[in-house]
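Notes follow the structure.
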Amino acid sequence: SDVKGKDLATGKIVSFPFKIDLIRSSMMPGIERIAESIKQVLEKLPPELASDIMDTGIILTGGTSKLRNLHFYLANYLNVPVYRVEERPENSCISGIQYIISNSEVLENNYYLK
């Protein structure tokens, strides 16, 4: 399909072909580095925390989590359940921090947050 946009030099609306495969292939090296970094972190976790993650999975947050099928790719690569925040994932991390700050008992009662 084509994408339309404004040519900044001429001010005219132009159209050019949009090839999703080109975009996907240009993003894959970065996504593979992310997946490998997560894998390295998981391998260094204490057994009890690694076990919790294997049971409950990983939740993707942030705007990058909106990439179509990223959670499926990571779940397959890491062999761990991976979920994504469906509603406004770009705000989910800061919302979680805000919740923890506003609810001190969460911090006091959670071994992993100390």
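What dipole magnitude, in Debye to the nearest 20, does the chain give about its Cα centre under +1 on Lys/Arg Cβ and -1 on Asp/Glu Cβ?
Numbers: 13 positive and 14 negative charges, 141 e Å.
The dipole magnitude comes to about 680 debye.
Couplings for segment 14-28, taken from phi via the Karplus curve 6.51 cos²θ - 1.76 cosθ + 1.60 with θ = phi - 60°, read 10, 10, 9, x, 10, 10, 4, 5, 5, 5, 4, 5, 6, 8, 4 Hz in order; Gly and Pro are left as x.
Taking amide hydrogens as placed 1.01 Å from N in the peptide plane, the amide H of Arg84 sits under 5 Å from those of Leu60, each at least 5 positions away in sequence or on another chain. Given a 1.4 Å probe and the protein chains as shown, Ile20 ends up with an accessible area of around 90 Å².
Could you give the accessible area per residue of the chain, probe 1.4 Å, as a whole number in Å²? Walk me through the intermediate numbers first.
Values: 8970 Å² over 114 residues.
In whole numbers, the chain has 79 Å² accessible per residue.
At 7 Å along the Cα-to-beta-carbon direction for both Lys44 and Glu90, put a label point, then send me their distance in nm to one decimal. Label at Lys44, label at Glu90, 3.0 nm between them.
Comparing Ser104, Ser65, Ser51 in a Gaussian network model of the chain (Cα springs below 10 Å), the most mobile by mean-square fluctuation is Ser104.
For Ile97 and Phe18, FRET efficiency with R0 = 41 Å and r from the beta-carbon atoms, rounded to 0.05? It would help to have the intermediate numbers written out before the result.
Numbers: r = 36 Å, r/R0 = 0.88.
Efficiency, from the Cβ-Cβ distance: 0.70.
For the chain, with a Gaussian network of springs between Cα atoms less than 10 Å apart, report the residue from Tyr99, Tyr73, Tyr83 with the top mean-square fluctuation. In this elastic network of the chain, the residue with the biggest mean-square fluctuation among Tyr99, Tyr73, Tyr83 is Tyr99.
Residues whose amide H lies under 5 Å from that of Leu67, counting only those 5 or more places away or on a different chain, are absent; hydrogens are built 1.01 Å from N in the peptide plane. Once Lys and Arg get +1 and Asp and Glu get -1 on their Cβ, which of Ala75, Met28, Pro89 lies farthest toward the positive end of the dipole of the chain? It is Met28, whose Cα lies furthest towards the positive end.
The values are calculated or read from the model by the stated rules, or taken from the named source; none is laboratory data. Quantities reported herein were computed from a predicted structural model and do not represent experimental measurements. Note that each Cβ is placed from the backbone with ideal geometry, even for glycine, and that neighbours are counted across all protein chains shown. Please note that ligands, DNA and RNA were not included when accessible areas were found on the heavy atoms of the full protein model with its side chains. Shrake-Rupley method; radii C 1.70, N 1.55, O 1.52, S 1.80 Å.
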